[in-house]
Structures are given as structure tokens and as C-alpha cells.
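A.B. asks: Got a structure here, written out as C-alpha cells. Questions coming.
Read-outs: derived from the displayed coordinates by stated rules, not from any lab. None of the values given here were measured: they were computed from a predicted structure. Cβ coordinates were reconstructed from backbone atoms using ideal geometry, including for glycine residues, and neighbour counts include every protein chain displayed.
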Amino acid sequence: MDKQTKLHYMNRIDEKLNQLPWFVTEFIDSRKRKLSPTTLLNYCHDYIIFFDWLVAENLTTASRTEISLASLETLTIREVENFLSFLEYQLGNTNLTINRKLSSLKSLFDYLQNKAETAELKPYIQRNVMAKMDLNVVKESQETIANRIEGKILREDEFETFRQFVAHDFGEVNKENKRIHNFHQMNRERDTAIVSLILGSGLRLSEVAGINLEDLDLSKAIVRVIRKGNKEQYVYFSKQALLDVESYLQIRESRYKPEKLEPFLFIAAPIGRKGKSRRLTQRSIEKLIEKYAAAFGKPALTVHSLRHSFATRYHLENNDVPRLKNQLGHSSIQTTMIYTHLTDEEMRKAVDNMDR
């Protein structure tokens with residue numbers, strides 16, 4: 001994550017902390033060296049939901065920003081169970097999402113009990129109800145995960161069909177709507193390059209959004225990215241992605257008018273006459289994929305499922321799990337093995353065809 005993007009997230013974190021009790025700010029500050037800004041921002045969102053629930057349930061008489069440590073110390077297991085039920089039945093959260101939010105709370109309460117100290121060297125809270133709460137049991141086999149992913153990815157000729165839809169057909173479908181048509185004409189090279197790059201490399205959303213011009217080596221069709229754990233890696237991308245990135249670079253300066261020496265690759269369209277260029281955010285990339293996917297007739301497509309699409313196709317054509325693991329930036333080969341299950345049926349058909 002580059003400095004500008006990191007600063008953007010840190011500013012958003014500060015905005016959220018202004019809406020939270022003082023001890024949350026202290027906890028977040030203690031984690032800034034070890035956790036990514038996006039993780040810390042998610043923590044803030046989770047805490048706002050939790051503290052708003054405390055207020056709504058009359059478990060505190062204070063406002064959200066004034067909630068005391070004593071209110072947390074006296075929470076019961078039953079009350080926390082009610083909060084988890086609220087997440088599931090009122091907010092519609094999955095078990096995985098509930099686990100993530102509960103983990104956020106466990107981290108905060110652990111800090112308050114075991115790390116933070118008063119001037120008298122006493123812990124902020126003596127009793128930690130979150131330590132007594134168990135995460136939901138979520139056991140999914142690789143086959144189950146593969147089956148869940150299977151219906152949300154592109155297969156075979158759909159790669160090029162979807163790419164062509166983004167590059168051309170979306171504009172034709174919406175030619176009667178001048179606003180949508182003109183916006184597509186403005187951004188189609190950029191959007192095609194984004195889609196093509198993900199389908200041709202398997203990059204993560206954060207990695208695509210974080211690319212700077214200096215990270216590209218077009219002569220070798222590789223891009224430098226910062227992967228999970230702040231690890232630097234050079235990742236190969238396909239010939240089609242190279243062509244689409246080159247087409248975008250030809251119009252990038254004239255159409256988006258970036259500031260001199262502006263480093264980022266993908267630029268958001270300027271807003272207003274004096275609008276300045278700025279990096280296309282992760283959320284903006286998610287939204288543009290959602291837009292094209294819905295119009296294409298596959299609304300389940302996301303940035304992440306485009307990454308899955310690349311991985312499935314790569315494994316089917318190369319059957320080289322160790323190299324796929326490296327390409328995707330997985331820390332464990334077990335994660336990469338999901339794609340062997342996704343391609344079992346294709347492999348069976350390929351073997352059957354040998355007898356014809």
C-alpha cells in the first residue's frame with residue numbers, strides 16, 4: 001500500500017475514532033505498527049455497531065463516545081450472545097462475518113484486561129466477558145469451498161466474452177442513455193485493462209488498486225505488487241492483459257490529465273471542471289466490476305471471483321500447484337489446492353477425450 005492510500009485510510013480511521021470512546025483510540029494506536037489500515041478500519045466499523053447496540057438495548061445510559069469501561073466490565077455472557085444473535089438475524093451476517101466481528105471485540109477486551117494499565121499499574125478492566133465467548137464452528141472442506149466458488153467464476157470462452165463486454169458491448173447496450181454511454185466511452189480502456197489484468201494474473205483487489213506506473217515492466221509483462229504481510233513480489237500477467245494495459249496507457253495522460261509525475265496507474269475520472277486526478281480506490285474498482293457483472297448477466301461476479309477464474313483456468317491448463325501458489329501469493333499450498341477440486345470435472349472430460 002503506497003503512502004497516499006495509507007494516508008487516506010488513516011484519515012478515515014481518525015474520523016471513526018472521533019465517534020468512539022477514548023479507550024478504543026488507545027487500542028487502535030497500539031496496533032498501528034502491526035495491523036494494516038484496512039484491518040484497523042474494519043475494527044472501527046465493528047466497534048461502532050457494537051456500541052450502538054449497547055445504547056439501543058439500554059445496557060448503558062451514555063452516548064456511544066461516552067461509554068465507560070465499567071459498562072464493558074459488567075456485560076454478561078447472555079447479553080453478548082444476544083448481540084451475536086442480532087448480528088445474525090437482524091443484520092444477516094454469516095458465521096464467518098460474526099466470527100470476524102467477535103474477534104475484533106476479543107482483541108479490544110484482551111487489550112483492556114491484559115495490556116493497558118492505569119497510572120496505578122492496574123488493568124483497565126478486571127473481568128473480560130469476551131474471553132468466555134467461543135467463535136462459531138465453521139468447517140468447510142476444500143470441496144465445499146470449491147463448489148461455492150464454482151458458480152461465481154468465468155469459464156472457457158467467457159473470459160474473452162466478458163472482456164469484450166467491458167471494452168465494447170456495455171456501451172452498445174446503453175447507447176440510448178447518453179450519460180452512461182459517455183461515461184463508458186471515457187473509461188472503457190481503463191476498465192478493460194483492470195478486468196484483463198485480474199483475469200490475466202489473479203491479482204488481489206488491493207494489489208490492483210495499489211499499482212504505480214513504476215511498478216510495471218511492460219517488456220517482461222510483470223508487475224511489482226505488495227502482497228499480504230507487506231511482502232514485495234513480481235507477478236507475471238498475460239499477453240492480452242499487456243495489450244489492454246498498453247492501450248490504456250496510450251490515453252491515460254490525455255484523457256485523465258494526471259498531475260505531473262502522478263505515480264498511480266489507474267486513475268479516477270476527474271469531477272467538475274477543476275477536478276484533480278486521484279487514484280481509483282478499491283471500492284471504486286469493486287463497484288465498476290459489480291456494474292459490468294450485473295449488465296453481463298452474472299451479478300455474482302466480483303473482483304475476487306475474477307481472481308478465482310484466473311486460478312481455475314491456470315490450474316486446468318498447467319496443472320502446476322506450486323507455481324500457482326506463488327502466482328496468487330498464497331502463504332499455504334492448502335489454500336491453492338481448492339482449485340484442484342474446481343477443475344476435477346474438466347480433467348475427467350479431458351482424460352475421457354483421449355479415448356476418442
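A.B. asks: Cα axis of helix 95-114 to longest principal axis of the chain: angle in degrees, 0 to 90, nearest 10?
C.D. replies: 40 degrees
A.B. asks: By how many degrees, 0 to 90 and rounded to 10, does the Cα axis of helix 303-318 deviate from the longest principal axis of the chain?
C.D. replies: That works out to roughly 50 degrees.
A.B. asks: Something else now. As I understand it, the dipole of the chain uses +1 on the Cβ of Lys and Arg and -1 on the Cβ of Asp and Glu, about the Cα centre. Which of Tyr47, Ala268, Leu306 lies farthest toward its positive end?
C.D. replies: Ala268
A.B. asks: With the cut-off at 23 Å, tell me which of the pairs Lys6/Lys260; Lys175/Lys287; Lys178/Lys260; Lys34/Lys106 have Cα atoms farther apart than that.
C.D. replies: Going by Cα-Cα distance, Lys178/Lys260 fall outside the 23 Å limit.
A.B. asks: Right, here's the next one. Can you give me the distance in nm between label points at Glu246 and Ala119, each placed 7 Å from the Cα along the Cα-to-Cβ direction?
C.D. replies: Going from the Glu246 label point to the Ala119 one covers 6.9 nm.
A.B. asks: Who wins for biggest fluctuation among Leu280, Leu69, Leu112 in a Gaussian network model of the chain, springs between alpha carbons below 10 Å?
C.D. replies: The residue with the greatest mean-square fluctuation here is Leu69.
A.B. asks: Let me ask another. By how many degrees, between 0 and 90 and to the nearest 10, does the Cα long axis of helix 282-296 differ from the longest principal axis of the chain?
C.D. replies: Orientation of helix 282-296: about 50 degrees from the principal axis.
A.B. asks: Does the range 1-120 come out rounded, prolate or oblate, given a ≥ b ≥ c as the square roots of the eigenvalues of its C-alpha gyration tensor, rounded meaning a/c under 1.5 and, failing that, prolate meaning a/b above b/c?
C.D. replies: Here the range 1-120 falls in the oblate category.
A.B. asks: Once amide H atoms are placed 1.01 Å from N in the peptide plane, what residues at a sequence separation of 5 or more from Asn212, or on another chain, have their amide H within under 5 Å of its amide H?
C.D. replies: For Asn212, the qualifying residues are Leu265.
A.B. asks: A further question follows. With θ set to phi - 60° and the Karplus curve 6.51 cos²θ - 1.76 cosθ + 1.60, what are the ³J(HN,Hα) couplings of the range 184-201 in order, to the nearest whole Hz, using x for Gly and Pro?
C.D. replies: The phi angles translate into 5, 4, 5, 10, 5, 5, 5, 5, 5, 4, 5, 4, 5, 5, 5, 5, x, 8 Hz.
A.B. asks: Using the Cα centre as the reference, give the magnitude of the dipole from point charges on the C-beta atoms of the chain (Lys, Arg: +1; Asp, Glu: -1; all else neutral), rounded to the nearest 20 debye.
C.D. replies: Value, rounded to 20: 1000 debye.
A.B. asks: Under a 5 Å amide H to amide H cut-off, with H placed in plane at 1.01 Å, what residues pair with Arg227 once short-range neighbours are removed?
C.D. replies: Glu232, Gln233
A.B. asks: Something else now. Once the Cβ-Cβ distance between Asn58 and Gln233 is put in as r, and R0 is 51 Å, what FRET efficiency do you end up with, to the nearest 0.05?
C.D. replies: 0.50
A.B. asks: Then there is this: With a sphere of radius 13 Å drawn around the Cβ of Ser254, what net charge do the other residues whose Cβ falls strictly inside it have (Lys, Arg +1; Asp, Glu -1)?
C.D. replies: My count for the surroundings of Ser254 gives +2.
A.B. asks: Could you please report the charge total around Arg64, scoring K, R as +1 and D, E as -1 over all other residues with beta-carbon less than 15 angstrom from its beta-carbon?
C.D. replies: -4
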